[in-house]
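These notes concern the structure reproduced below.
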Amino acid sequence: MNSLQKDLWDWKGDYLYVKVLYSKAGIATQILVYDIEEELCFLIDIGDGILRDLVSLPEKYYENIHAILCTHGHFDHIGGLFSFLGFLRMINRNKKLLLIYPPKVIEIEGIVRTFQESYSNSIPYEIKLNEIIEKIHIKNITISAFPVQHRGSIVGGKKLPNIPSVGYIIEKKGERILYTGDTGYFEDLKKHITDVDYALIEGTYKEKKTPFHLSIPEAEKLGKLAKNYKIIHQHTSRNE
Ligand SMILES: [Zn+2]
Ligand SMILES: [Zn+2]
């Protein structure tokens with residue numbers, strides 16, 4: 001590990017390291033989780049700019065990305081998926097790539113289908129689509145998904161329905177990190193967050209604005225239930 005890496009991570013546990021590569025509501029969110037024992041990486045969400053973020057790191061972590069965990073199908077969480085699949089094809093990856101996502105996220109399946117149809121004979125690696133119902137085990141890691149409360153919006157547009165959307169807990173040998181994904185407040189969130197070692201909590205708005213995102217005060221209150229936390233997914237005002 002070179003000296004640059006001392007400050008690379010947002011959080012370092014005994015087994016897992018976490019770095020928020022980028023996170024802004026309506027732009028992109030991507031989080032890198034590193035299992036130091038197995039030297040395996042996971043991406044949670046894969047927004048636009050993922051390649052820029054990954055190649056800016058001091059190590060080629062992209063070579064060790066075992067799985068991508070997607071929380072939901074909004075563009076700011078999956079917008080970099082097509083680029084990433086193409087990048088892996090270009091560097092001639094030969095290991096399987098696992099895509100984990102809640103059932104019925106049609107955007108992910110559509111992106112993968114388009115990619116596979118476009119390059120059918122020249123994709124050197126297998127893409128495994130893995131809808132998560134509750135838990136998935138990978139080596140000594142357990143990935144659990146929990147449903148959250150989320151929907152999108154169109155400025156000035158009509159109300160949209162709730163969408164399939166989850167938060168994740170990644171656990172290794174008792175060490176637990178959590179990411180809420182995009183969600184409004186609901187009572188069970190407290191139960192999920194309490195006592196986890198590191199929580200990444202969305203805090204989209206400065207003040208309560210919608211039941212489908214958390215405000216920063218709500219995120220702070222929830223964060224204090226975890227041993228450590230960071231608020232992500234802040235809204236960038238676009239002249240609003
Ligand atoms: Zn979002
Ligand atoms: Zn969203």
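No lab work stands behind these numbers, since they all come straight from the coordinates. On a predicted model such as this, the values are computed, not experimentally measured, just so you know. Please note: Cβ atoms are built from the backbone with ideal geometry, for glycine as well, and neighbour counts cover all protein chains shown.
Here are the numbers:
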item	result
Computed label-point distance, nm, for sites residue 188 and residue 175 using a 7 Å Cα→Cβ extension	2.8 nm
Point-charge dipole on Cβ atoms (K/R +1, D/E -1) for the stretch 104-215, about Cα centre, debye to 20	260 debye
Residue with peak Gaussian network fluctuation, the chain [Cα springs, cutoff 10 Å], from 184, 152, 110	110
Residue pairs, from the table 60/104; 12/230; 173/227; 104/173; 12/173, whose Cα atoms sit over 22 Å apart	60/104; 104/173
Cβ crowding within 10 Å averaged over residues, with 65-76, 29-40 ranked highest first	65-76, 29-40
Whole-number D in µm² s⁻¹ for the stretch 26-91, Kirkwood Cα-pair radius fed into Stokes-Einstein, 25 °C, 0.890 mPa s	206 µm²/s
Nearest-20 debye value, the chain charge dipole, Cβ charges on Lys, Arg, Asp, Glu	340 debye
Segment residue 129-residue 60, extension gain: residue separation times 0.36 nm, minus the distance between their alpha carbons	22.4 nm
Dipole in debye (nearest 20) - the stretch 1-94, about Cα centre, beta carbon charges: Lys, Arg +1; Asp, Glu -1	320 debye
Separation in nanometres of the label points that stand 7 Å from Cα toward Cβ, at residue 195 and residue 158	4.7 nm
Taking the convex hull of Cα positions in the stretch 106-240, its mean projected area over all directions (nm²)	10.8 nm²
Net lengthening on full extension, residue 75/residue 51 (0.36 nm per residue, minus Cα-Cα)	7.1 nm
Computed over the chain: relative contact order in percent, which uses C-alpha pairs under 8 Å that are six or more apart	14 percent
Label-point separation, residue 9 to residue 37 (7 Å along Cα→Cβ), nm	1.4 nm
Rh by Kirkwood over Cα pairs, then Stokes-Einstein D for the chain at 1.567 mPa s and 4 °C, µm²/s	71 µm²/s
